[in-house]
Amino acid sequence: MITTLYLLQFGCLIFTFILAQTLAVARIHIVRSYSKYEKSRWLLVSGLSLLFLHFLLQMVFNLRASGDDVGAMFNILFYVPVVFLVSYAVLNLECGREMLRRHLIVGIAGYVLILLTCLMGLFASKSLHIGVALHLMNGLFLACMLYFIFIPMREIRRTYKRIEGNTSGDIHSYLLHVRTGFYLLCISSLAIPFSIIYTPLLYIIAPLLFVVLHFFIVNFIVLGYNVPTLQTIQEDNEEPVTNNHDNPSSKGEAMPVERALTIEKRLGEWVAGKGFLDGDISLSSLSLTIGVSRRELSFYFEHQLRVTFRVWLSNIRFELAKKMMCEHPEYSNEAISAACGFSSRAQLYNIFRDKEGMTPKEYLAKQLAKD
(Lines give C-alpha, C1' and ligand atoms only; values in the text may rest on other atoms or scores of the structure.)
Protein backbone atom coordinates (compact mmCIF):
# COMPACT_ATOMS: atom_id res chain seq x y z
CA MET A 1 0.00 0.00 0.00
CA ILE A 2 1.36 3.40 -0.99
CA THR A 3 1.26 5.76 1.95
CA THR A 4 1.85 9.51 2.22
CA LEU A 5 5.22 8.85 3.89
CA TYR A 6 6.21 6.55 1.02
CA LEU A 7 5.36 9.27 -1.51
CA LEU A 8 7.37 11.80 0.50
CA GLN A 9 10.37 9.48 0.54
CA PHE A 10 9.99 8.84 -3.20
CA GLY A 11 9.88 12.59 -3.88
CA CYS A 12 13.01 13.11 -1.77
CA LEU A 13 14.71 10.24 -3.59
CA ILE A 14 14.07 11.74 -7.04
CA PHE A 15 14.96 15.27 -5.92
CA THR A 16 18.22 14.11 -4.34
CA PHE A 17 19.16 12.18 -7.48
CA ILE A 18 18.56 15.24 -9.67
CA LEU A 19 20.63 17.50 -7.40
CA ALA A 20 23.50 14.99 -7.27
CA GLN A 21 23.52 14.57 -11.06
CA THR A 22 23.32 18.32 -11.67
CA LEU A 23 26.25 18.97 -9.36
CA ALA A 24 28.26 16.11 -10.85
CA VAL A 25 27.97 17.31 -14.46
CA ALA A 26 28.44 21.00 -13.60
CA ARG A 27 32.20 20.60 -14.12
CA ILE A 28 31.88 20.41 -17.91
CA HIS A 29 30.58 23.99 -18.03
CA ILE A 30 33.38 25.52 -15.92
CA VAL A 31 36.34 26.74 -17.99
CA ARG A 32 38.79 27.29 -15.14
CA SER A 33 38.73 25.02 -12.12
CA TYR A 34 40.37 25.14 -8.69
CA SER A 35 41.43 22.11 -6.75
CA LYS A 36 39.72 23.17 -3.52
CA TYR A 37 36.45 23.90 -5.29
CA GLU A 38 36.57 20.59 -7.17
CA LYS A 39 37.21 18.71 -3.94
CA SER A 40 34.27 20.46 -2.27
CA ARG A 41 32.05 19.75 -5.27
CA TRP A 42 32.71 16.02 -5.10
CA LEU A 43 32.24 16.02 -1.34
CA LEU A 44 28.78 17.47 -1.91
CA VAL A 45 28.08 14.91 -4.63
CA SER A 46 29.09 12.18 -2.15
CA GLY A 47 26.81 13.62 0.52
CA LEU A 48 23.86 13.78 -1.88
CA SER A 49 24.58 10.23 -3.09
CA LEU A 50 24.58 9.01 0.50
CA LEU A 51 21.27 10.79 1.06
CA PHE A 52 19.89 9.13 -2.08
CA LEU A 53 20.97 5.71 -0.75
CA HIS A 54 19.29 6.50 2.57
CA PHE A 55 15.92 7.21 0.97
CA LEU A 56 16.24 4.16 -1.26
CA LEU A 57 16.85 1.85 1.72
CA GLN A 58 14.02 3.47 3.66
CA MET A 59 11.62 2.72 0.82
CA VAL A 60 12.89 -0.80 0.08
CA PHE A 61 12.81 -2.01 3.69
CA ASN A 62 9.98 0.29 4.85
CA LEU A 63 11.78 0.91 8.13
CA ARG A 64 9.21 3.39 9.41
CA ALA A 65 6.67 0.56 9.43
CA SER A 66 8.72 -1.06 12.17
CA GLY A 67 8.24 2.02 14.31
CA ASP A 68 9.17 5.69 14.34
CA ASP A 69 12.08 4.89 16.65
CA VAL A 70 13.57 2.44 14.13
CA GLY A 71 13.24 4.98 11.33
CA ALA A 72 14.79 7.66 13.54
CA MET A 73 17.76 5.43 14.42
CA PHE A 74 18.34 4.72 10.73
CA ASN A 75 18.06 8.42 9.87
CA ILE A 76 20.65 9.44 12.44
CA LEU A 77 23.17 6.88 11.17
CA PHE A 78 22.88 8.35 7.66
CA TYR A 79 22.30 12.04 8.38
CA VAL A 80 25.46 12.51 10.46
CA PRO A 81 27.89 11.69 7.62
CA VAL A 82 25.72 13.62 5.15
CA VAL A 83 25.78 16.78 7.28
CA PHE A 84 29.49 16.29 7.90
CA LEU A 85 30.26 16.05 4.17
CA VAL A 86 28.33 19.26 3.45
CA SER A 87 30.03 21.01 6.35
CA TYR A 88 33.47 19.78 5.32
CA ALA A 89 32.86 20.82 1.70
CA VAL A 90 32.12 24.40 2.75
CA LEU A 91 34.96 24.49 5.26
CA ASN A 92 37.37 23.23 2.61
CA LEU A 93 36.90 26.52 0.76
CA GLU A 94 37.35 28.64 3.85
CA CYS A 95 40.43 27.50 5.75
CA GLY A 96 43.74 25.66 5.69
CA ARG A 97 44.74 22.06 6.33
CA GLU A 98 45.08 22.28 10.12
CA MET A 99 41.46 23.38 10.64
CA LEU A 100 40.27 20.73 8.18
CA ARG A 101 42.22 18.08 10.05
CA ARG A 102 40.62 19.06 13.37
CA HIS A 103 37.18 19.13 11.79
CA LEU A 104 37.73 15.66 10.36
CA ILE A 105 38.86 14.29 13.73
CA VAL A 106 35.85 15.76 15.54
CA GLY A 107 33.50 14.47 12.83
CA ILE A 108 34.88 10.93 13.00
CA ALA A 109 34.88 10.96 16.82
CA GLY A 110 31.27 12.16 16.91
CA TYR A 111 30.09 9.50 14.50
CA VAL A 112 31.98 6.77 16.37
CA LEU A 113 30.22 7.80 19.60
CA ILE A 114 26.84 7.69 17.87
CA LEU A 115 27.62 4.31 16.34
CA LEU A 116 28.78 2.87 19.68
CA THR A 117 25.63 4.17 21.38
CA CYS A 118 23.53 2.51 18.70
CA LEU A 119 25.39 -0.81 19.04
CA MET A 120 25.06 -0.79 22.84
CA GLY A 121 21.33 -0.10 22.49
CA LEU A 122 20.94 -2.96 20.05
CA PHE A 123 22.92 -5.28 22.32
CA ALA A 124 20.94 -4.30 25.43
CA SER A 125 17.48 -4.47 23.84
CA LYS A 126 18.12 -7.45 21.54
CA SER A 127 15.94 -5.66 18.94
CA LEU A 128 15.79 -2.59 16.72
CA HIS A 129 13.84 -0.74 19.42
CA ILE A 130 16.77 0.62 21.43
CA GLY A 131 14.78 2.84 23.81
CA VAL A 132 16.89 5.28 25.84
CA ALA A 133 19.88 4.77 23.55
CA LEU A 134 17.91 6.45 20.77
CA HIS A 135 17.57 9.62 22.83
CA LEU A 136 21.31 9.54 23.53
CA MET A 137 21.94 9.13 19.81
CA ASN A 138 19.69 12.05 19.00
CA GLY A 139 21.43 14.20 21.62
CA LEU A 140 24.82 13.36 20.11
CA PHE A 141 23.38 14.04 16.66
CA LEU A 142 22.22 17.49 17.74
CA ALA A 143 25.65 18.23 19.26
CA CYS A 144 27.34 17.19 15.99
CA MET A 145 24.91 19.32 14.01
CA LEU A 146 25.70 22.39 16.09
CA TYR A 147 29.43 21.82 15.67
CA PHE A 148 29.18 21.17 11.93
CA ILE A 149 27.19 24.39 11.56
CA PHE A 150 29.10 26.70 13.91
CA ILE A 151 32.64 26.05 12.66
CA PRO A 152 31.99 26.71 8.93
CA MET A 153 29.89 29.79 9.75
CA ARG A 154 32.74 31.17 11.86
CA GLU A 155 35.26 30.51 9.10
CA ILE A 156 32.99 32.11 6.49
CA ARG A 157 32.90 35.31 8.54
CA ARG A 158 36.68 35.27 8.92
CA THR A 159 37.21 34.67 5.21
CA TYR A 160 34.86 37.49 4.31
CA LYS A 161 36.77 39.94 6.48
CA ARG A 162 40.10 38.69 5.11
CA ILE A 163 39.26 39.00 1.42
CA GLU A 164 37.18 42.16 1.68
CA GLY A 165 40.22 44.40 1.32
CA ASN A 166 41.99 42.25 -1.27
CA THR A 167 39.41 42.04 -4.05
CA SER A 168 38.73 44.71 -6.64
CA GLY A 169 35.07 44.07 -7.30
CA ASP A 170 31.80 43.91 -5.50
CA ILE A 171 31.90 40.87 -3.18
CA HIS A 172 28.12 40.62 -3.04
CA SER A 173 28.42 37.46 -5.10
CA TYR A 174 30.58 35.91 -2.36
CA LEU A 175 27.92 36.73 0.21
CA LEU A 176 25.18 35.31 -2.00
CA HIS A 177 26.89 32.10 -3.10
CA VAL A 178 28.54 31.03 0.13
CA ARG A 179 27.03 32.75 3.11
CA THR A 180 23.34 33.03 2.23
CA GLY A 181 22.94 29.51 0.87
CA PHE A 182 24.83 27.85 3.69
CA TYR A 183 23.19 29.93 6.42
CA LEU A 184 19.70 29.04 5.20
CA LEU A 185 20.70 25.40 5.00
CA CYS A 186 22.03 25.52 8.55
CA ILE A 187 18.87 27.09 9.95
CA SER A 188 16.69 24.51 8.24
CA SER A 189 18.91 21.60 9.28
CA LEU A 190 18.50 22.41 12.95
CA ALA A 191 14.97 21.02 12.75
CA ILE A 192 16.17 17.58 11.61
CA PRO A 193 16.88 16.10 15.08
CA PHE A 194 13.31 16.91 16.09
CA SER A 195 11.58 15.85 12.88
CA ILE A 196 13.17 12.40 12.79
CA ILE A 197 11.69 11.66 16.22
CA TYR A 198 8.23 13.04 15.47
CA THR A 199 7.15 11.81 12.01
CA PRO A 200 4.41 14.44 11.27
CA LEU A 201 7.12 17.12 11.30
CA LEU A 202 8.76 15.41 8.34
CA TYR A 203 5.92 16.52 6.06
CA ILE A 204 6.81 20.14 6.83
CA ILE A 205 10.57 20.01 7.32
CA ALA A 206 11.49 17.74 4.40
CA PRO A 207 10.01 19.88 1.58
CA LEU A 208 11.39 23.06 3.15
CA LEU A 209 14.82 21.53 3.59
CA PHE A 210 14.98 20.38 -0.02
CA VAL A 211 13.99 23.81 -1.32
CA VAL A 212 16.83 25.33 0.69
CA LEU A 213 19.19 22.53 -0.37
CA HIS A 214 18.35 23.26 -4.01
CA PHE A 215 19.10 26.95 -3.44
CA PHE A 216 22.43 26.06 -1.82
CA ILE A 217 23.49 23.67 -4.61
CA VAL A 218 22.60 26.14 -7.36
CA ASN A 219 24.56 28.89 -5.62
CA PHE A 220 27.50 26.56 -5.10
CA ILE A 221 27.55 25.78 -8.83
CA VAL A 222 27.45 29.50 -9.65
CA LEU A 223 30.36 30.03 -7.28
CA GLY A 224 32.42 27.83 -9.59
CA TYR A 225 32.22 30.54 -12.25
CA ASN A 226 33.36 33.27 -9.83
CA VAL A 227 37.06 32.99 -10.66
CA PRO A 228 38.35 36.08 -8.75
CA THR A 229 36.59 35.08 -5.53
CA LEU A 230 37.77 31.47 -5.71
CA GLN A 231 41.31 32.55 -6.53
CA THR A 232 41.42 34.99 -3.64
CA ILE A 233 40.04 32.46 -1.16
CA GLN A 234 42.44 29.75 -2.29
CA GLU A 235 45.52 31.98 -2.22
CA ASP A 236 44.60 33.55 1.11
CA ASN A 237 44.28 30.10 2.67
CA GLU A 238 47.75 29.11 1.52
CA GLU A 239 50.72 29.86 3.72
CA PRO A 240 53.60 30.57 1.32
CA VAL A 241 57.12 30.65 2.66
CA THR A 242 58.59 34.13 2.45
CA ASN A 243 61.83 35.69 3.58
CA ASN A 244 62.16 38.73 5.78
CA HIS A 245 62.78 40.99 2.80
CA ASP A 246 59.39 40.03 1.36
CA ASN A 247 57.68 40.56 4.67
CA PRO A 248 59.11 43.50 6.65
CA SER A 249 56.49 43.04 9.35
CA SER A 250 58.11 39.75 10.34
CA LYS A 251 60.79 41.78 12.09
CA GLY A 252 58.45 44.54 13.14
CA GLU A 253 60.35 46.90 10.80
CA ALA A 254 59.12 49.60 8.49
CA MET A 255 59.59 49.12 4.77
CA PRO A 256 62.91 50.55 3.51
CA VAL A 257 62.46 53.86 1.69
CA GLU A 258 64.17 52.57 -1.45
CA ARG A 259 61.87 49.58 -1.60
CA ALA A 260 58.77 51.71 -1.01
CA LEU A 261 59.79 54.04 -3.85
CA THR A 262 60.30 51.05 -6.16
CA ILE A 263 56.82 49.72 -5.40
CA GLU A 264 55.35 53.21 -5.81
CA LYS A 265 56.98 53.52 -9.23
CA ARG A 266 55.74 50.12 -10.38
CA LEU A 267 52.22 50.87 -9.19
CA GLY A 268 52.35 54.22 -11.00
CA GLU A 269 53.35 52.49 -14.21
CA TRP A 270 50.57 49.97 -13.77
CA VAL A 271 48.01 52.75 -13.24
CA ALA A 272 49.35 54.68 -16.24
CA GLY A 273 48.88 51.55 -18.32
CA LYS A 274 45.25 51.45 -17.13
CA GLY A 275 45.62 48.02 -15.56
CA PHE A 276 42.93 49.03 -13.08
CA LEU A 277 40.32 48.66 -15.83
CA ASP A 278 40.54 44.88 -15.39
CA GLY A 279 37.43 44.01 -13.41
CA ASP A 280 38.97 40.74 -12.19
CA ILE A 281 42.17 42.24 -10.75
CA SER A 282 43.04 41.19 -7.21
CA LEU A 283 45.92 41.81 -4.84
CA SER A 284 47.41 38.47 -5.88
CA SER A 285 47.22 39.09 -9.62
CA LEU A 286 48.54 42.64 -9.18
CA SER A 287 51.55 41.35 -7.25
CA LEU A 288 52.36 38.99 -10.13
CA THR A 289 51.95 41.75 -12.72
CA ILE A 290 54.29 44.26 -11.07
CA GLY A 291 56.75 41.69 -9.69
CA VAL A 292 56.22 42.34 -5.99
CA SER A 293 55.35 39.59 -3.52
CA ARG A 294 51.77 39.55 -2.32
CA ARG A 295 52.70 39.98 1.35
CA GLU A 296 55.09 42.82 0.62
CA LEU A 297 52.47 44.58 -1.49
CA SER A 298 49.88 44.10 1.23
CA PHE A 299 52.34 45.52 3.76
CA TYR A 300 52.93 48.52 1.48
CA PHE A 301 49.23 49.33 1.24
CA GLU A 302 48.67 48.86 4.96
CA HIS A 303 51.69 50.71 6.36
CA GLN A 304 52.77 53.10 3.61
CA LEU A 305 49.47 54.18 2.09
CA ARG A 306 47.36 53.19 5.13
CA VAL A 307 44.53 51.89 2.97
CA THR A 308 43.47 48.47 1.76
CA PHE A 309 44.04 47.43 -1.83
CA ARG A 310 40.28 47.54 -2.38
CA VAL A 311 40.00 51.17 -1.22
CA TRP A 312 43.11 52.24 -3.17
CA LEU A 313 41.80 50.74 -6.39
CA SER A 314 38.31 52.12 -5.87
CA ASN A 315 39.75 55.62 -5.41
CA ILE A 316 41.58 55.39 -8.74
CA ARG A 317 38.47 54.22 -10.53
CA PHE A 318 36.38 56.83 -8.74
CA GLU A 319 38.57 59.69 -9.97
CA LEU A 320 38.37 58.38 -13.52
CA ALA A 321 34.59 58.04 -13.22
CA LYS A 322 34.20 61.66 -12.11
CA LYS A 323 36.36 62.87 -14.99
CA MET A 324 34.52 60.75 -17.54
CA MET A 325 31.11 61.87 -16.28
CA CYS A 326 32.01 65.52 -16.69
CA GLU A 327 33.54 64.99 -20.15
CA HIS A 328 30.70 62.76 -21.37
CA PRO A 329 27.49 63.64 -19.49
CA GLU A 330 25.52 61.64 -22.06
CA TYR A 331 27.04 58.36 -20.82
CA SER A 332 24.86 56.16 -18.62
CA ASN A 333 25.95 54.91 -15.21
CA GLU A 334 26.27 51.41 -16.68
CA ALA A 335 28.65 52.69 -19.34
CA ILE A 336 30.69 54.69 -16.83
CA SER A 337 31.01 51.80 -14.38
CA ALA A 338 32.08 49.38 -17.14
CA ALA A 339 34.56 51.85 -18.65
CA CYS A 340 36.20 52.51 -15.26
CA GLY A 341 36.56 48.88 -14.19
CA PHE A 342 33.75 48.73 -11.62
CA SER A 343 32.11 45.32 -11.38
CA SER A 344 28.60 46.78 -11.40
CA ARG A 345 26.58 49.96 -11.44
CA ALA A 346 25.78 49.32 -7.78
CA GLN A 347 29.47 49.59 -6.89
CA LEU A 348 29.70 52.95 -8.68
CA TYR A 349 26.58 54.12 -6.88
CA ASN A 350 27.90 53.06 -3.49
CA ILE A 351 31.25 54.79 -3.85
CA PHE A 352 29.55 58.07 -4.84
CA ARG A 353 27.32 57.75 -1.80
CA ASP A 354 30.31 57.15 0.47
CA LYS A 355 32.62 59.85 -0.90
CA GLU A 356 30.30 62.55 -2.21
CA GLY A 357 27.16 61.90 -0.19
CA MET A 358 25.06 61.82 -3.35
CA THR A 359 24.22 59.62 -6.32
CA PRO A 360 26.21 59.81 -9.60
CA LYS A 361 23.25 61.56 -11.23
CA GLU A 362 23.12 64.18 -8.47
CA TYR A 363 26.88 64.68 -8.67
CA LEU A 364 26.73 65.21 -12.43
CA ALA A 365 23.87 67.71 -12.08
CA LYS A 366 25.91 69.61 -9.47
CA GLN A 367 28.98 69.77 -11.73
CA LEU A 368 26.95 70.89 -14.75
CA ALA A 369 25.34 73.61 -12.65
CA LYS A 370 28.80 74.93 -11.71
CA ASP A 371 29.85 75.09 -15.34
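The values are calculated or read from the model by the stated rules, or taken from the named source; none is laboratory data. Please read all numbers here as calculations on a predicted model, not as lab measurements. Note that we place each Cβ from the backbone using ideal geometry, even for glycine, and neighbour counts take in every protein chain shown. In case anyone asks, the SASA skips ligands and DNA or RNA and just uses the protein heavy atoms, side chains included. Shrake-Rupley method; radii C 1.70, N 1.55, O 1.52, S 1.80 Å.
What percent do you get for the relative contact order of the range 1-133 when only Cα pairs under 8 Å and 6+ apart count?
The value is 24 percent.
Can you pull out the trypsin sites (Lys or Arg not before Pro) in the range 20-108 whose DSSP state is coil and whose Cβ has at most 11 other Cβ atoms within 10 Å?
For trypsin sites (Lys or Arg not before Pro) across the range 20-108 that sit outside H, G, I, E and B with at most 11 neighbouring Cβ atoms in 10 Å, the list reads R32.
Which distance in nm do the two modelled labels at A191 and E356 give, with both placed 7 Å along the Cα-to-Cβ direction?
Roughly 4.7 nm, to one decimal.
Quick check: pseudo-label points 7 Å beyond the Cα along Cα→Cβ at K274 and E327, how many nm apart are they?
About 0.9 nm separates the two model spin labels.
To one decimal place, what Kirkwood hydrodynamic radius in Å is obtained for the range 1-133 from all pairs of distinct Cα atoms? Let's see the in-between values first.
On the way: mean 1/r = 0.0598 Å⁻¹.
Taking every pair of different Cα atoms in the range 1-133, averaging 1/r and inverting gives 16.7 Å.
For the Cα atoms of the chain, what angle does the longest principal axis make with the long axis of helix 202-223, in degrees from 0 to 90, nearest 10?
30
Keeping all protein chains in place, calculate the accessible area per residue for the range 258-346 (probe 1.4 angstrom), answer in Å².
50
Can you send over the solvent-accessible area of L140, 1.4 Å probe, protein chains only, in Å² to the nearest 10?
50
Looking at the calculated P(r) for the range 61-118, what percent of the C-alpha pair distances fall above 16 Å?
52
Dividing the alpha-carbon radius of gyration of the chain by 2.2 N^0.38 Å (N being the number of residues), what value is obtained?
Against the compact-globule rule of thumb, the ratio is 1.26.
Residue by residue through the range 277-283, which ³J(HN,Hα) values in whole Hz follow from phi under the Karplus form 6.51 cos²θ - 1.76 cosθ + 1.60 (θ = phi - 60°), with glycine and proline marked x?
For the range 277-283, the Karplus-derived couplings read 6, 6, x, 9, 5, 9, 4 Hz, x marking Gly and Pro.
Identify, among I263, A133, H328, the residue whose Cα sits farthest towards the positive end of the charge dipole of the chain, taking +1 on the Cβ of Lys and Arg and -1 on the Cβ of Asp and Glu, with the dipole about the Cα centre.
Working it through, the farthest residue towards the positive pole turns out to be A133.
Using the Karplus curve 6.51 cos²θ - 1.76 cosθ + 1.60 with θ = phi - 60°, what ³J(HN,Hα) values do you get for each residue of the range 256-268, in whole Hz, with x for Gly and Pro?
Result, ordered by residue: x, 4, 4, 5, 4, 5, 5, 5, 4, 5, 5, 5, x Hz.
Could you tell me how many degrees, from 0 to 90 and to the nearest 10, lie between the Cα long axis of helix 309-327 and the main elongation axis, the longest principal axis, of the Cα atoms of the chain?
60
Roughly how big is the chain's charge dipole about its Cα centre, with Cβ charges of +1 (Lys, Arg) and -1 (Asp, Glu), in debye to the nearest 20?
That gives the chain a dipole magnitude of about 280 debye.
Can you compute the FRET efficiency between F61 and V106 using 1/(1 + (r/R0)^6), with r the Cβ-Cβ distance and R0 = 30 Å? Round to the nearest 0.05. Don't jump to the answer; show the numbers that get you there.
On the way: r = 31 Å, r/R0 = 1.03.
The formula returns an efficiency of 0.45 here.
Does anything in the range 298-327 have its amide N under 16 Å from the 7 Å Cα→Cβ label point of V257, and if so which residues?
Residues 304 fall inside that zone.
So how tilted is helix 360-370 from the main axis of the chain? Cα-based, degrees 0 to 90, rounded to 10.
Taking the Cα atoms of the chain, the angle to 360-370 is about 20 degrees.
Would you pull out the residues with amide H under 5 Å of H129's amide H, same chain only if 5 or more places away, H placed 1.01 Å from N?
none
Multiply the residue separation of L119 and V25 by 0.36 nm, subtract the distance between their alpha-carbon atoms, and state the gained length in nm to one decimal.
Extending this stretch completely gives an extra 30.0 nm.
Eight or more residues apart or on different chains, and alpha-carbon atoms under 14 Å: count the Lys pairs in the chain matching that.
5
Please return the longest stretch of the chain lacking exposed loop sites, where GluC sites (Glu not before Pro) count only if DSSP places them in a loop and at most 14 other Cβ atoms lie within 10 Å.
That gives 1-237 as the longest site-free run.
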